[in-house]
Amino acid sequence: AAGSGWRLNLHHDLRLLDSPAACQLLFDEEGLLLAANRAGLALCGLEPGDWRPRHFAALFGHSLEHWLSRHGAATGLLEAGAQQFSARLRPPARRVDAAIRSRPLAPPRPAPAALDGMADSLFASALKLLEADIPVLIQGETGTGKDRLARALHAASSRRAAPFVAINCAAIPEGLIEAELFGYQPGAYTGASRQGSKGKLREADGGVLFLDEIGDMPLALQARLLRVLQEREVTPLGGGPAQRLNIRLICATHRKLRARVDEGGFRADLYYRLCHYPLSLPPLRERGDVAAIAQAMLDGMGAARRGVTLSPELARAIRGYRWPGNLRELSNLLATLLVLADDGAVLTLGHLPAALREEMAGQGSVPGDSAISDLLRRCGGNASAAARALGISRSTLYRRLGKAAK
């Protein structure tokens, strides 16, 4: 079996970091725990088969990105609770150590909170499709978590120990995407590697292939992909024998594929091959209480352990904002606020970047003058306390109250 992710080894003794006695944890690129050996399970407070979502930041007090910015893929010291460990982080690789591979930690489905307000029924439907070898098509606005859903599906599926291979069809130059997907023989084209390449499709053999932004795939390539899906075999560029494929497919796009078909930008036959039961991820603003989602995300990043919370006024502003960047925008903001916050801090409007405060004010998300008067009354007339809660100076508070009185 093969797997992919950031592998973290921990032990009190630096010399035993690569021994079977070390805690071994596997994280995805978002910092979500995918697998662990028995020692790693114990460190996370879990029993074999007992799944509860765990995030790198919740375990170690800072994000995976923070570790990488300081240490890179190298050895350093890491605290977990009251303990200090020697730690070594390795980047995603084709093979996962047998100690991890033999004890994959994957639930039948994650808790709804792990997917940031997504309906549990949507995840369950997607997982059933994937397990039945029916292509999973995920549609939704940019930043709604299509990539995170795809990775969570792989981690919860029967192929969790097999490869998860992702390719962004919009990010690779049109002239290279065919070679990336299908591979090529040595010397197939100018600049090709002398060793050739097996391609992403063959890398995903036995596992899951995730084609992100498939709505931007070039038309000529769509025909080849359709043929591969129908025949379940791939022929590399430059010829050679066809190779049999055993893959499960997840596709995602922010485009309306039906409209793309009508416009001539997407093949109708490929559309019907992929579109058995399309799933739509709702934008963040339609996922219920966005402030509750934000606090849950903060807690998953380690805020609960540090006592960092949202003020009522900031929570109200978060609920009222449209979040055009969806989960990605909110997650990036919260991770930054958490890095800047002191332990025990109550995050207010004043912690937000000025540009975001102005944008929220333009949408009516930031409290108006009447709301400020109400807050002042709730603070017992204490202008300093009201100003702190709003994240503004006392002079600004008095100025806005003065305008309201005119």
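The values are calculated or read from the model by the stated rules, or taken from the named source; none is laboratory data. Keep in mind it's a predicted model, so treat the numbers as computed, not measured. Don't worry about glycine lacking a Cβ; one is built from the backbone with ideal geometry, like all the others, and counts go over all protein chains shown. What goes into the accessible areas is simple: the full protein's heavy atoms, side chains included, and nothing from ligands, DNA or RNA. Shrake-Rupley method; radii C 1.70, N 1.55, O 1.52, S 1.80 Å.
With 5 Å bins beginning at zero, the pair-distance distribution over Cα atoms of region 252-348 amounts to 2, 12, 19, 17, 11, 9, 8, 8, 7, 5, 2, 0 %. For Cys251, nonlocal amide neighbours, meaning residues 5 or more places apart or on other chains whose placed amide H falls under 5 Å from its own, are Val136, Leu137, Ile138, Leu211. Peptides 58-65, 206-213 ranked from most to least packed, by the mean per-residue count of other Cβ atoms within 10 Å: 206-213, 58-65. Of the listed residues Val228, Val346, the order by accessible area with a 1.4 Å probe, largest first, is Val346, Val228. The packing ranking of peptides 15-21, 35-41, 151-157, highest mean first, is 151-157, 35-41, 15-21, where packing means the average number of other beta carbon atoms within 10 angstrom of each residue.
The amide H of Gln243, built 1.01 Å from its N in the peptide plane, has Val234, Thr235 as neighbours under 5 Å, considering only residues 5 or more places off or on other chains.
Between Gln230 and Asp133, the modelled label-to-label distance comes to 1.8 nm, taking each label 7 Å out from Cα in the direction of the beta carbon.
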